Amino acid sequence: MKRRDFERLVDQVLESLPEWVLEQVENLEVVVEDWPSEEQDPTGDGLLGLYEGVSLLDRGNDYWGVLPDTIYIFRGPHLRMGLKKDELRAEIRKTVLHELAHHLGIDDRRLTELGWD
């Protein structure tokens, strides 16, 4: 899948989010990269996505004037899974929602409880 098509799928996921979720998103950008850097994935596990920033839950009164948090969605590891287009779309959606949940302050334990892992 070409990068442009992959980015379009990520955009579609973001556009389909409910309004109440979009209203919560603050100071965040979503970026598609081909592969995680060695620093982002030191064990080489093939991360599908990564949230870097300060979750909304952890932001205090002194949170201002900072660069946006970033959600990275990694194209290469997704494509390496060899999924059909509909399955790939579902996996991208799952990854975006997982990383967005971290932005909202939901940790991995809670994501597992919710079935979002």
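The values are calculated or read from the model by the stated rules, or taken from the named source; none is laboratory data. From a predicted model like this one, the values you see are computed outputs, not experimental measurements. Every residue, glycine as well, gets a Cβ built from its backbone with ideal geometry; the counts of neighbours run over all protein chains shown. Calculation scope for accessible area: heavy atoms of the full protein, side chains included, ligands and nucleic acids excluded. Shrake-Rupley method; radii C 1.70, N 1.55, O 1.52, S 1.80 Å.
For this structure, a couple of remarks:
- The condition (being closer than 13 Å to residue 96 by Cα and open to solvent by 40 Å² or more (accessible area, probe 1.4 Å)) is satisfied by just one residue among 19, 23, 15: 15.
- Residue in the stretch 75-87 that is in contact with a Leu (Cβ under 8 Å, 6 or more places away or on another chain) and closer than 14 Å to residue 99 by Cα present: no
- Of all the numbered requirements in (1) open to solvent by 30 Å² or more (accessible area, probe 1.4 Å); (2) modelled with pLDDT under 90, residue 105 misses one, and that requirement is (1).
- For the stretch 24-117, the helices (runs of 4 or more DSSP H) that sit wholly inside it and include 3 or more residues that are within 17 Å of the chain's Cα centre (by Cα) and farther than 27 Å from residue 5 by Cα are 108-114.
- Hits in the stretch 35-46 - residues which are surrounded by fewer than 18 Cβ atoms within 10 Å (Cβ to Cβ) and on the phi < 0 side of the Ramachandran plot: 35, 37, 38, 39, 40, 41, 42, 43, 45
- Within the stretch 35-67, the set of residues being closer than 15 Å to residue 104 by Cβ and in contact (Cβ under 8 Å) with a residue 40 or more places away in the chain comprises 49, 51, 53, 55, 56, 57, 58.
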